[in-house]
Structure formats: structure tokens, C-alpha cells
Amino acid sequence: MEAEEAATTQPTQEPKRESGVAVAIADTARPGPPDRTVPTGTIRYWAAAKAAAGTAEEPYAAPTLADALAAARERHAGQPEFTRVLARCSFLVDGDPVGTRAHTTVQLAEGGTVEVLPPFAGG
């Protein structure tokens, strides 16, 4: 009788998380449209940043400014001047100055634009 009570009173166990991960991994392997949860847009380089990048613009696929800039540094790893110039630049995200905000806190939007502005001389 005790065995029967134990069998009927034990809580049911939830599926193991590993099986959920396996399902999630299997789901991502299916052919289909790309995942649109990560915003995509354009990075535009100006003046010395444009020269260092070797291009006027390129796409981003990143949730934050920090992520977009890290990916850009990786793409231009063979161009050491790019990293040096980028460290001195200011940024506009969809027309708004980033200023002193941490780049990890600056969210990027789908279809957005990041302007990379090196210091300018003159007045």
C-alpha cells in the first residue's frame, strides 16, 4: 500500500532542460528565413575613419553599438589604423549623439544608421 501511495503522490517531473536545448538547436538547423531578432543596419564612416576602413559604409547585425563596433574591428583586423582611428571617434546613432554613454547601453534599431565621426580640425 505504501508503494501505491508513493507512486500516486510523487510530483511529476518536468522534462530535462537538455532536451529543450536539443530541440532549440535542432530548430535553428532547419532551412528557412534568417532570424530577425538581431537588428541590422548600416555603419557609415567619415573622413579618416573612411580611409582606415577602406569603405564608406558597411552593414551591421548587432543589438548594441558595442557589438557593432566589435564586429567592425574584427572585420578590419588586418588594418591596425582602423582600431586606432575608431578609438578617437564620436558616434551618431540614428542621428542622435552617443556622447559619453557606454556603448553597451546604446541599442541599435532595425534599419538604423551608425555614423562614425573622427575628430575634425578647423572651425
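Rule-based calculations on the coordinates, nothing more; no lab input. Keep in mind the model is a prediction, meaning the values are calculated, not measured. Positions of Cβ are backbone-derived with ideal geometry, glycine not excepted, and every protein chain shown enters the neighbour counts.
Taking amide H positions as placed 1.01 Å from N in the peptide plane, with prolines and chain starts having none, which residues 5 or more places from residue 89, or on another chain, fall under 5 Å of its amide H?
Those qualifying (amide H under 5 Å, at least 5 residues apart or on another chain) number zero.
Quick check: pseudo-label points 7 Å beyond the Cα along Cα→Cβ at residue 103 and residue 83, how many nm apart are they?
In this crude label model, residue 103 to residue 83 measures out at 1.2 nm.
Where does each of 75, 44 land when they are ranked from fewest to most other beta-carbon atoms within 10 angstrom? Please report the intermediate quantities before stating the final value.
Numbers: 75 14, 44 18.
The fewest-first ordering by Cβ neighbours comes to 75, 44.
So how strong a dipole does the range 40-117 carry about its Cα centre when Lys and Arg Cβ are +1 and Asp and Glu Cβ are -1, to the nearest 20 debye? Walk me through the numbers on the way to the answer.
Values: 7 positive and 9 negative charges, 63 e Å.
Around 300 debye, computed over the range 40-117.
For the range 40-117, what size does the Cα cloud have along each of its three principal axes, sorted from largest down, in whole Å?
27, 23, 18
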